[in-house]
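*Asks:* Here's a structure for you.
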């Protein structure tokens with residue numbers, strides 16, 4: 001067995017010790033960026049977006065005060081397949097961390113062999129041979145390559161954990177939006193059913209007046225047209241509700257055919273109150289920001305890994321073995337052979353490949369930092385967008401309620417005047433259409449307010465309870 005001579009081994013070990021502690025790679029720093037001093041659409045000050053995604057988000061969907069939604073959200077957390085895939089990816093990333101850390105420890109192997117040989121021309125007959133050996137090898141992490149690789153894998157695992165949190169938050173948000181849509185369609189359907197009943201009465205009035213010879217046939221035709229269009233609108237709502245229900249089924253890990261959500265015609269939207277001064281620290285809990293920051297750390301470690309190519313690879317190995325024509329010889333001291341060795345390998349010329357690899361790693365860090373900053377800026381935009389949406393929609397609701405009340409009154413007055421022969425049926429049709437539009441717009445606004453609240457919660461990385 002070939003080994004280094006003792007002097008050579010000592011020289012290699014001395015060189016290794018002399019180079020020990022020369023860890024390479026830049027010190028990691030979170031990318032800096034200029035941020036606004038305060039929210040544009042609120043009164044809370046910004047703070048630098050240092051990821052704090054491990055802070056509890058709570059069951060934020062309970063703010064909507066709907067027991068059915070609460071139950072569905074728990075099913076999403078357990079059965080959603082996007083979340084399941086993210087969990088698997090996180091577990092895979094954790095396993096890779098363990099693989100990288102294992103590289104820092106010696107590897108020990110066992111070798112056991114046996115063979116039997118012979119032939120017609122052999123004068124010695126059949127021969128047996130047995131071998132037993134144990135070997136170990138270890139690469140000291142003198143320049144930090146292995147620890148940098150483990151750190152890079154650790155950052156990747158943390159980014160994967162943040163991706164898992166993002167998948168959960170996204171799936172929960174999609175569920176809430178789809179559920180709000182279903183309840184909105186339930187409420188609008190109830191309104192349209194009432195409207196159909198009213199239009200049926202209007203058609204009967206027009207028919208009676210036509211039969212009495214005091215109204216033209218066009219009044220009856222207009223009433224029939226309006227009634228048929230409203231019934232068609234009911235079918236449109238049925239299609240939209242079914243599609244939203246199908247989306248909920250998939251989000252909860254079920255086939256649409258095995259899922260049904262009972263209607264709630266009397267649905268009343270509960271809109272979570274937004275704090276007067278939204279704490280900007282909530283933005284730090286956004287998992288997408290945390291994931292981007294961890295990928296910057298991962299890219300930073302890759303620079304150090306690339307730089308270690310400039311330094312030699314040092315390896316230590318040892319082995320002990322025995323062999324003989326019989327199994328009993330394996331345990332004989334006379335057949336014992338051992339070896340201890342050290343190796344040092346250094347690339348002397350690479351045609352600029354090592355420098356190019358370092359440059360590539362630096363460019364990767366710059367790209368990761370830019371993506372991190374863009375994610376933070378997009379997070380600022382998301383919060384601002386939803387803050388202004390929450391404020392404007394709240395102001396609009398009072399106006400929509402006023403418009404609906406006025407439209408209902410105008411509809412009734414026009415119908416009474418038509419019965420008295422004071423106006424044409426065209427004016428009744430116009431008033432009825434305006435009233436229906438106002439009622440549906442009010443329901444739509446209530447759903448929009450809930451949807452905006454969900455979007456704001458997601459933009460902040462989760463609920464704001466207790467903060």
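The values are calculated or read from the model by the stated rules, or taken from the named source; none is laboratory data. Everything quoted here is computed from the prediction, not taken from an experiment. Neighbour counts are summed over all protein chains in view; Cβ atoms, including those assigned to glycine, are modelled from backbone coordinates with ideal geometry.
*Asks:* Looking only at region 70-83, filter to residues that are surrounded by fewer than 20 Cβ atoms within 10 Å (Cβ to Cβ) and touching a residue at least 12 places away in the same chain (Cβ under 8 Å); which one of those is nearest to residue 245 (Cα to Cα)?
*Replies:* My answer is 75.
*Asks:* Output the residues belonging to region 236-258 that are crowded, with 16+ Cβ neighbours inside 10 Å and part of a loop (DSSP other than H, G, I, E, B).
*Replies:* Passing the criteria: 252, 253.
*Asks:* Follow-up. Does region 314-322 include one or more residues that are surrounded by fewer than 17 Cβ atoms within 10 Å (Cβ to Cβ) and either at pLDDT below 80 or on the phi < 0 side of the Ramachandran plot (or both)?
*Replies:* Yes, region 314-322 contains a residue that is surrounded by fewer than 17 Cβ atoms within 10 Å (Cβ to Cβ) and either at pLDDT below 80 or on the phi < 0 side of the Ramachandran plot (or both).
*Asks:* Also, quick follow-up: Evaluate region 165-180: report whether one residue or more is surrounded by 20 or more Cβ atoms within 10 Å (Cβ to Cβ) and closer than 30 Å to residue 227 by Cβ.
*Replies:* Checked region 165-180: at least one residue is surrounded by 20 or more Cβ atoms within 10 Å (Cβ to Cβ) and closer than 30 Å to residue 227 by Cβ.
*Asks:* Right, another one. Just to be sure, is residue 336 at pLDDT 85 or above and more than 30 Å from residue 428 (Cβ to Cβ)?
*Replies:* Spelling it out, it is not the case that residue 336 is at pLDDT 85 or above and more than 30 Å from residue 428 (Cβ to Cβ).
*Asks:* Pick out the one residue from 178, 215 that is in contact with a helix residue (DSSP H, G or I) (Cβ under 7 Å, 6 or more places away or on another chain) and modelled with pLDDT of 90 or more. Quick ask: steps written out before the conclusion?
*Replies:* Working: 215 fails: modelled with pLDDT of 90 or more.
Criteria check complete, one pass: 178.
*Asks:* Somewhere in region 181-189, is a residue out of contact with any helix residue (DSSP H, G or I) (no Cβ under 6 Å at 6 or more places or on another chain) and either at pLDDT 90 or above or closer than 30 Å to residue 291 by Cβ (or both)?
*Replies:* Let us first name the residues in region 181-189 that are out of contact with any helix residue (DSSP H, G or I) (no Cβ under 6 Å at 6 or more places or on another chain), namely 183, 186.
Restricting the remaining residues to those that are either at pLDDT 90 or above or closer than 30 Å to residue 291 by Cβ (or both) gives 183, 186.
Yes: region 181-189 contains one or more residues that are out of contact with any helix residue (DSSP H, G or I) (no Cβ under 6 Å at 6 or more places or on another chain) and either at pLDDT 90 or above or closer than 30 Å to residue 291 by Cβ (or both).
For every residue, the table says whether it meets (1) closer than 25 Å to residue 451 by Cα; (2) modelled with pLDDT of 85 or more; (3) over 25 Å from the mean Cα position of the chain (by Cα).
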position	(1), (2), (3)
342	no, no, yes
347	no, no, yes
358	no, yes, yes
363	no, yes, yes
372	no, yes, no
377	yes, yes, no
382	yes, yes, no
386	yes, yes, no
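This table checks each residue for (1) surrounded by fewer than 20 Cβ atoms within 10 Å (Cβ to Cβ); (2) under 25 Å from residue 186 (Cα atoms).
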residue	(1), (2)
368	no, no
381	yes, no
387	no, no
402	yes, yes
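*Asks:* Follow-up. Does residue 456 satisfy the criteria of being closer than 30 Å to residue 387 by Cα, in a helix (DSSP H, G or I) and at pLDDT below 90?
*Replies:* So residue 456 passes the test.
*Asks:* Further, regarding this structure: Quick one: which of 433, 453 is crowded, with 21+ Cβ neighbours inside 10 Å, touching a residue at least 24 places away in the same chain (Cβ under 8 Å) and on the phi < 0 side of the Ramachandran plot? Show your work before the answer.
*Replies:* Values: 433 fails: crowded, with 21+ Cβ neighbours inside 10 Å.
Result of the check over 433, 453: 453.
*Asks:* Regarding region 20-30, can at least one residue be identified that is at pLDDT below 70, touching a strand residue (DSSP E or B) at 6+ places or on another chain (Cβ under 9 Å) and closer than 27 Å to residue 305 by Cα?
*Replies:* no
*Asks:* Given the criterion closer than 30 Å to residue 206 by Cα and part of a helix (DSSP H, G or I), identify the matching residue among 446, 371, 357, 432.
*Replies:* Answer to the check: 432.
*Asks:* Within region 210-232, work out how many residues are touching a residue at least 12 places away in the same chain (Cβ under 8 Å) and either in a helix (DSSP H, G or I) or surrounded by 13 or more Cβ atoms within 10 Å (Cβ to Cβ) (or both).
*Replies:* 11
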